[in-house]
Every structure is written in structure tokens, then in C-alpha cells.
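Colleague: I have a structure I would like to understand better, so I am pasting it below and will then ask my questions one at a time.
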Amino acid sequence: MKPESLNRRTFFKQSAALAGCAVLLPIAAPGSRGHAAAVKRTAADQVALGRTGVTLSRLGFGTGSNSGKVQRDLGRQTFERLIRYGYDKGITYIDAAQSYQTFEWIGGAIKGLPRERLFIQSKIPGQPEDVLDAIDKHRKAFDTDYIDSMLIHCMVKPGWTDPFKRVMEGFDRAREKKWIRVRGVSCHSLPALQTATASDWTDVHLVRLNPQGASMDTPEETWNARSDASHVPDVVSEIKEMRRRGHGVIGMKLIGDGAFRTPEEREKSIGYVMGSGLCDAVVIGFKSTSEIDEAIERIDRALAQV
């Protein structure tokens, strides 16, 4: 037998043996520790927002702590540098609102950044007389052709989809004009959250979530609820239904609206939210580079343990 024939036969035997071993090797299921080890997940990942077809960074930069006063007190230049610092760290999701004191600063903060890499979410309060004009003001303030996600802001009323039908239709027209990509609601009570879950209109939910129950949605129609962990299961139940329906879910109040002042409290909350798999992304209000670094470190560590 020629040497090359022997080599060929040996090659096929070795290949067959390796193939057999490969069949016998266990394959880690998605979400298992083996899968997580193979694919490292981080705060900077671009993740899918439900079934909307839109992506955003897993961690977002909140610009509305205490209605934006916390960020406003930094001064405009420091605020802009902080947004840029977050962007350099992979935070491409910026969360804004018409009622935040930082609203007029967003355009300057994102100027020069690649627009296609950003996910900008903003919010409109109440029921403006001209909904399209209200949305256009956001486009002009941010100096952008479109807003990635536009939300009805701070809803507390049950059955809100009926009285807000005109506003919802205005959002629909804006989406047809490509002024917004997806639409949704920011809820601040359990009744409002339940209405949002049941509505097929809702693409995106901005939901308050932490295991301590700080500033969580309760059965009362209140904007700023006291800490009560007993309501966490109710919120979790709603979020699970949102996800079943393919809605996008973004978690907020991970730091308990600033109430979690100890490292242990922040670690507990971030670990819980990242481990729960309930949210596509989360948003945290920042006032310093060290807070950004800490949040990224805690999120990355929590994800590595899932």
C-alpha cells in the first residue's frame, strides 16, 4: 500500500473517531452556565428589544434623576462629557424626557456621535393638543430625524388606553412618518402597568423593578410609592406576560430612585434584575464616571453568574 493511501485511511479513521466524540459531548443549553461561559455577556452588549426589531445597549444612561436636577446640577459641559464617557464604555442607549431638566442638553451631548449607533428614548407627558408637533419638538431639540423609542410618560391610571386613544393615534402617525421607530409607555402604578400589558399597541414598557420594592408599582394610583417588597411578585407577573406577548421591557429604578446608598443594596438589586431575565435592558441615572464604572462592573459580574 502506498504511503499516501495509508495517510488517507488514517485521516478518515481519526476524523470518524473525533466525530463520535463530538456527538457524545454535552451541549450547553442557552441560559445555562456552560453557555454563559462560552458567550460572555456584558452591560455594553447590543440586545434585542422584545420583538420590535430594534436593538440597544443593555445598560442605558438615565438623564432624569430627580426630574433631571441631579444631572442638571453638574453643568452642561460636565453632563456632555459624562454622556461621552458612557458612550466610550459602550452605553449607546440614552433615556430622556420632555419634563427632564436635561431635555435641551441632549442634542449637544450626542452631537458628532454616529446616530445609527445610538438608541434614544424620550417621553411625552399628558395629552398634548398637537401630538405630532410635540414629537417634532423632540426631534428638533435632539437635532435628529427620528426618536428610536417614544413613550407616554408617567402613567398611573387604569384603563388609560381609552382616554389616551388620540395620543396613541398621534404616535402611530409619527411612526408612519418615520419620526419614531417604536412606541410605548412608562408606568408608575400597577393598574396602569396591567393596562399596558394587555394592549397590543404597546411596543415598549419602561418598568420599575428591584427586589427591595423601592419606588415600585403598587395597586394605588400613586407616582412615588414607598418601599414595599410585597408588590414585587405582582410586577414580575406582569413583566412575564409582557415578554410572552413579545413586548420590549426596559427596567428602571434599579438603584431605588437613589435610595440604595450602600454597595450591598446596589449589588443585590442589580444581581436580581440581571439574573431574573425579565428585562431586555435597564437604565440607571448617573452623575459621575465612577457610578458608570460601578454599574458596568456590577452588571458584568451578575451576568457572568447567570
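Colleague: Tally the residues that are buried (at least 16 other Cβ atoms within 10 Å of the Cβ) and either more than 15 Å from residue 251 (Cβ to Cβ) or of a type in the set (Asp, Glu) (or both), restricting the search to region 45-63.
Modeller: 5
Colleague: Considering each of 241, 297 in turn, give the residue that is surrounded by fewer than 18 Cβ atoms within 10 Å (Cβ to Cβ) and without any contact (Cβ under 8 Å) to a residue 24 or more places away in the chain.
Modeller: Sole residue among the options that is surrounded by fewer than 18 Cβ atoms within 10 Å (Cβ to Cβ) and without any contact (Cβ under 8 Å) to a residue 24 or more places away in the chain: 297.
Colleague: Looking at region 256-278 only, could you name the residues that are touching a helix residue (DSSP H, G or I) at 6+ places or on another chain (Cβ under 6 Å) and touching a residue at least 40 places away in the same chain (Cβ under 8 Å)?
Modeller: 260, 278
Colleague: For region 199-306, which fully contained strands (runs of 3 or more DSSP E) count at least 2 residues that are touching a Phe, Trp or Tyr at 6+ places or on another chain (Cβ under 9 Å) and assigned by TED's automatic domain parsing to the domain that holds residue 44?
Modeller: Qualifying strands (runs of 3 or more DSSP E): 281-285.
Colleague: I've got another one for you. Any residue in region 227-247 that is more than 30 Å from residue 175 (Cα to Cα) and touching a strand residue (DSSP E or B) at 6+ places or on another chain (Cβ under 9 Å)?
Modeller: no
The values are calculated or read from the model by the stated rules, or taken from the named source; none is laboratory data. These numbers come from a predicted model, not from an experiment. Virtual Cβ from ideal backbone geometry, glycine too; neighbours counted across all protein chains shown.
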